[in-house]
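Engineer: Structure in structure tokens, see below.
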Amino acid sequence: MTNSTKRLALPVLLAAGVLTSACSFSGGTEDAGAATSIAGTSSSAAATTPAATTSAAAPTTSSAPVVTAAPESSDPQPTTAGGPDRCHTSELTGSLSEGDAAAGNRYATLTLTNTGGEVCTVYGYGGLGLVGPGGSVVPSTQERVPAQDGSGGGRTTLQPGDSVSAQLHWTVVATGPEPTTGQCEATPSELTVIPPNETDSLTVAWTAGPVCDMGRIQQTPYA
């Protein structure tokens with residue numbers, strides 16, 4: 001090869017080397033883009049997994065027994081603008097009167113009286129629970145049942161001094177793992193009552209003895 005031929009071949013070889021390097025780099029860029037896309041997809045899927053797990057776990061919490069005020073059903077006669085507000089716990093006084101007893105069943109009437117100075121309304125069930133002496137824990141479960149007409153009750157307007165009542169029903173017959181001799185459960189001393197749509201409670205003396213079936217008390221809506 002002559003010196004002239006060598007001078008021409010060197011730039012050609014250098015150019016070929018640059019082109020070869022450019023092709024490899026281009027291929028590397030495309031692979032990096034694909035890896036980023038896949039990583040992004042995996043990251044997105046991982047991000048959504050906790051939400052799905054949380055959603056699936058929610059029903060477990062909602063299945064717990066109701067021992068305090070549960071959400072009220074919608075009032076079919078909502079308070080109009082300028083109308084009386086709902087009765088707040090501070091405006092109410094509670095009382096309990098025992099009813100007839102029959103074949104292991106016990107009944108009582110729970111009454112809420114408007115002792116405030118304003119007109120107010122009551123709608124629904126509220127909440128209730130049994131408490132032992134000194135605030136000790138007593139098994140307690142509230143079961144909401146319809147009124148005698150099959151309804152969930154209606155909104156009642158209370159003038160100062162007016163009252164609404166709910167009927168309570170429970171059993172004194174041991175159920176499930178409860179002992180069949182002696183007391184089925186500890187004897188409560190108070191009934192904690194949460195008026196409808198309130199969070200604060202009031203207390204009523206309980207003198208009706210133990211409540212069997214794990215403290216289950218059926219309650220009708222206030223009327």
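Engineer: Would you mention how many residues in region 109-119 are hydrophobic (A, V, I, L, M, F, W, C) and crowded, with 21+ Cβ neighbours inside 10 Å?
Structural biologist: Of the residues in that region, 2 qualify.
Engineer: Shifting gears a bit: Report yes if Ala174 is out of contact with any strand residue (DSSP E or B) (no Cβ under 6 Å at 6 or more places or on another chain) and either open to solvent by 30 Å² or more (accessible area, probe 1.4 Å) or not basic (Lys, Arg) (or both), otherwise no.
Structural biologist: yes
Engineer: Just one of (1) under 22 Å from Leu202 (Cα atoms); (2) open to solvent by 30 Å² or more (accessible area, probe 1.4 Å); (3) modelled with pLDDT under 95 trips up Glu91, so point out which.
Structural biologist: Only one criterion in (1) under 22 Å from Leu202 (Cα atoms); (2) open to solvent by 30 Å² or more (accessible area, probe 1.4 Å); (3) modelled with pLDDT under 95 is unmet by Glu91, namely (3).
Yes/no per residue for (1) out of contact with any Gly (no Cβ under 7 Å at 6 or more places or on another chain); (2) more than 24 Å from Thr121 (Cβ to Cβ); (3) at pLDDT 95 or above:
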{"site": "Thr157", "(1), (2), (3)": "yes, no, yes"}
{"site": "Ala166", "(1), (2), (3)": "yes, no, yes"}
{"site": "Trp170", "(1), (2), (3)": "yes, yes, yes"}
{"site": "Ala186", "(1), (2), (3)": "no, yes, yes"}
{"site": "Ser189", "(1), (2), (3)": "no, yes, yes"}
{"site": "Val193", "(1), (2), (3)": "no, no, yes"}
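Engineer: Restricting attention to region 154-208, report how many residues are closer than 26 Å to Val119 by Cα, touching a residue at least 60 places away in the same chain (Cβ under 8 Å), assigned to a strand (DSSP E or B) and among the hydroxyl-bearing types (Ser, Thr, Tyr).
Structural biologist: 4
Engineer: On to the next question. Just give me the residues in region 141-153 being open to solvent by 30 Å² or more (accessible area, probe 1.4 Å) and assigned to a strand (DSSP E or B), in sequence order.
Structural biologist: Correct list: Thr141, Glu143, Arg144.
Engineer: Any residue in region 210-223 that is without any contact (Cβ under 8 Å) to a residue 40 or more places away in the chain sitting within a Cβ distance under 8 Å of a residue that is surrounded by fewer than 21 Cβ atoms within 10 Å (Cβ to Cβ)? List the pairs, counting only those 6 or more apart or interchain.
Structural biologist: Pro210/Val172; Pro210/Gln183; Pro210/Ala186; Pro210/Thr187
Engineer: Same structure, new question: Sort out which residues of region 177-223 are among the aromatic types (Phe, Trp, Tyr) and open to solvent by 30 Å² or more (accessible area, probe 1.4 Å), and write them in order of number. Break it down stepwise before answering.
Structural biologist: Filtering region 177-223 for residues among the aromatic types (Phe, Trp, Tyr) gives 206, 222.
Scanning region 177-223 gives no hits.
Engineer: Pick from Val131, Val138: which is surrounded by 13 or more Cβ atoms within 10 Å (Cβ to Cβ), out of contact with any helix residue (DSSP H, G or I) (no Cβ under 9 Å at 6 or more places or on another chain) and within 28 Å of Met214 (Cβ to Cβ)? Reasoning before the result, please.
Structural biologist: Numbers: Val138 fails: out of contact with any helix residue (DSSP H, G or I) (no Cβ under 9 Å at 6 or more places or on another chain).
Of Val131, Val138, the one residue that is surrounded by 13 or more Cβ atoms within 10 Å (Cβ to Cβ), out of contact with any helix residue (DSSP H, G or I) (no Cβ under 9 Å at 6 or more places or on another chain) and within 28 Å of Met214 (Cβ to Cβ) is Val131.
The values are calculated or read from the model by the stated rules, or taken from the named source; none is laboratory data. Computed from a prediction, not measured in an experiment: that's the story for all the values here. Methodologically, a virtual Cβ is constructed for each residue, glycine included, from the backbone with ideal geometry; neighbour enumeration extends over all protein chains shown. Side chains included, ligands, DNA and RNA excluded: accessible areas come from the protein's heavy atoms. Shrake-Rupley method; radii C 1.70, N 1.55, O 1.52, S 1.80 Å.
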